[in-house]
Amino acid sequence: MKSYLSLLWITALCLCVSGCSNYRELNQIGVIIGMGIDENKNSEEPYKVTYQIINPSGLSQGSSSGGQGLPVINYTVTAKTLVEALKKASVVIPREHITSHLSLIVVGEKLARNGLSLLFDALDRGKQARTSIPVFIARDGTAEKLLGVIEPFEVTPVKSILSTSQNNQKMYGIVSNVQGYEVISMLLSEGKDLSLPGININKPSQKAEEAGNLDNTSPSAMQVKGLAMFRKGKLVRWLDGDEARSVQLVTSEVKSTALVFPCDINENITVTATGIKSKIKTKIRRGQPFIHTDLNVMGEITETSCQKDLSNPKVLKELEKEVQNEIQKEITKTISIAQKEKADIFGFGDSLSRTNPSYWRQHKQSWESLFSNAKVSMNVNVTIVNTGMRTNPYEVN
């Protein structure tokens, strides 16, 4: 009986003290989902930081209870450091703001060109810090401007940037999302330079930051805009189109892409690649580094205007060879650009440090020069697995 009464007392006590002691309603806090970092003209406060905060009233506009305003609100402050900016934001943000749901960091191009240095130290040092946050560069503009776009398709600019970049990686492969911890790792690395995806506004206009942007069938919207190439933490060049995709091919970041190649005058063939694997090999020959890349591509012909008999195995072999040569040209051109800029965004130095650690320890301080003069070879293997639902294109009389 005594044990029974004791159990009842313990149960009653648990009911009294249980629950979320730190529970707060959404309308009591400011949930930061995006952060933009720009260079400020005032050198005493070098950072201009924009915080994008969820507006619960705006998010509920589609519900029966109604709602007021836009789904997000942006607040901008200037400060000496990012931590100071977060604390200082309390002068304009009317609620206690939290960063536990921070999903995106955008860095303005001007700041990126002057150098990222230890910009992300706060992400890795704080007790509640998170480094699994994608980082982007606001190309040809500022992060503040980019986060101010009223998006036509997604609920928030942050969601639009993330969705657009993820869709590009899945469908075309110009860029891939880079997490904060990867940025820090590459900034500290002696064998790999940083590269980050660029984002800008496809149709800049005054209405881009107004609700009127949604009243247009062709509104301003986010777009993936190239790959930012860094050297020693400073943005030195943009890579676009095939050049940007070549980097992703070498580093195996492409999930699928459309490879278009000429097969005759004003005629093209499109191979949709779905299986892409690459491998980097580094050797030392006569005291100099030698870089080799193997790239295997598997795909199918998804469109053609070429008058070729695709049912003939010999014709397919010839096409595979032509595609291989074109891919090799694209990648060779991009590697040459990187060597000219002395920016090893492929991670050839990292590979060398693993395969030849003693050589790396002796020469890592001069890797920029060694990389820019290194001999590079390549082997590209393309396999066309099928030609789609038909073998030859239809002829128009």
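The values are calculated or read from the model by the stated rules, or taken from the named source; none is laboratory data. Keep in mind that what you see is a predicted model, and the values were worked out from it rather than measured. Every residue, glycine among them, receives a Cβ derived from its backbone with ideal geometry; neighbour counts consider all protein chains shown. Heavy atoms of the whole protein, side chains included, go into the accessibility calculation; ligands, DNA and RNA do not. Shrake-Rupley method; radii C 1.70, N 1.55, O 1.52, S 1.80 Å.
Screening Lys375 against (1) farther than 30 Å from Phe230 by Cα; (2) open to solvent by 70 Å² or more (accessible area, probe 1.4 Å) leaves a single unmet condition, (1). Here the condition is being over 30 Å from Gly191 (Cα atoms) and part of a strand (DSSP E or B); of Thr383, Thr282, Thr293, it holds for Thr383 alone. Screening Val396 on (1) closer than 30 Å to Glu267 by Cα; (2) at pLDDT 95 or above; (3) open to solvent by 60 Å² or more (accessible area, probe 1.4 Å) shows it passes everything except condition (2).
The condition of being under 24 Å from Lys317 (Cβ atoms) and of a type in the set (S, T, N, Q) holds for Thr272. Under the condition of being within 17 Å of Leu116 (Cα to Cα) and either at pLDDT below 90 or assigned to a loop (DSSP other than H, G, I, E, B) (or both), the residues counted in the stretch 44-94 number 4. Of the strands (runs of 3 or more DSSP E) lying entirely inside the stretch 96-185, those carrying at least 1 residues that are open to solvent by less than 10 Å² (accessible area, probe 1.4 Å) are 104-108, 135-138. If you go through the stretch 23-39 one residue at a time, do you hit one that is modelled with pLDDT under 60, farther than 30 Å from Ser163 by Cβ and over 27 Å from the mean Cα position of the chain (by Cα)? Yes, because at least one residue in the stretch 23-39 is modelled with pLDDT under 60, farther than 30 Å from Ser163 by Cβ and over 27 Å from the mean Cα position of the chain (by Cα).
For the stretch 244-303, filtering for residues that are hydroxyl-bearing (Ser, Thr, Tyr) and buried (at least 19 other Cβ atoms within 10 Å of the Cβ) leaves 5. Among the residues of the stretch 234-243, how many are part of a strand (DSSP E or B), open to solvent by 20 Å² or more (accessible area, probe 1.4 Å) and either farther than 19 Å from Gly347 by Cβ or touching a strand residue (DSSP E or B) at 6+ places or on another chain (Cβ under 8 Å) (or both)? So the answer is 3. Being loosely packed, with under 13 Cβ neighbours inside 10 Å and out of contact with any Leu (no Cβ under 7 Å at 6 or more places or on another chain), is that true of even one residue in the stretch 342-354? Yes, the stretch 342-354 contains a residue that is loosely packed, with under 13 Cβ neighbours inside 10 Å and out of contact with any Leu (no Cβ under 7 Å at 6 or more places or on another chain). Condition check: over 27 Å from Val77 (Cα atoms), surrounded by 21 or more Cβ atoms within 10 Å (Cβ to Cβ), modelled with pLDDT of 90 or more and not charged (D, E, K, R). Does Ser189 satisfy that? Taking the combined requirement at face value, the residue does not satisfy it. Checked against the criterion of being closer than 14 Å to Ile280 by Cα, open to solvent by less than 50 Å² (accessible area, probe 1.4 Å) and part of a loop (DSSP other than H, G, I, E, B), the stretch 306-324 contains not a single residue that satisfies it. Considering each residue of the stretch 226-233 in turn, none proves to be open to solvent by 20 Å² or more (accessible area, probe 1.4 Å), of a type in the set (A, V, I, L, M), under 17 Å from Glu330 (Cβ atoms) and assigned to a strand (DSSP E or B). Candidates in the stretch 214-258 are the residues that are on the phi < 0 side of the Ramachandran plot and among the hydroxyl-bearing types (Ser, Thr, Tyr); of these, the one that is modelled with the highest pLDDT is Ser246.
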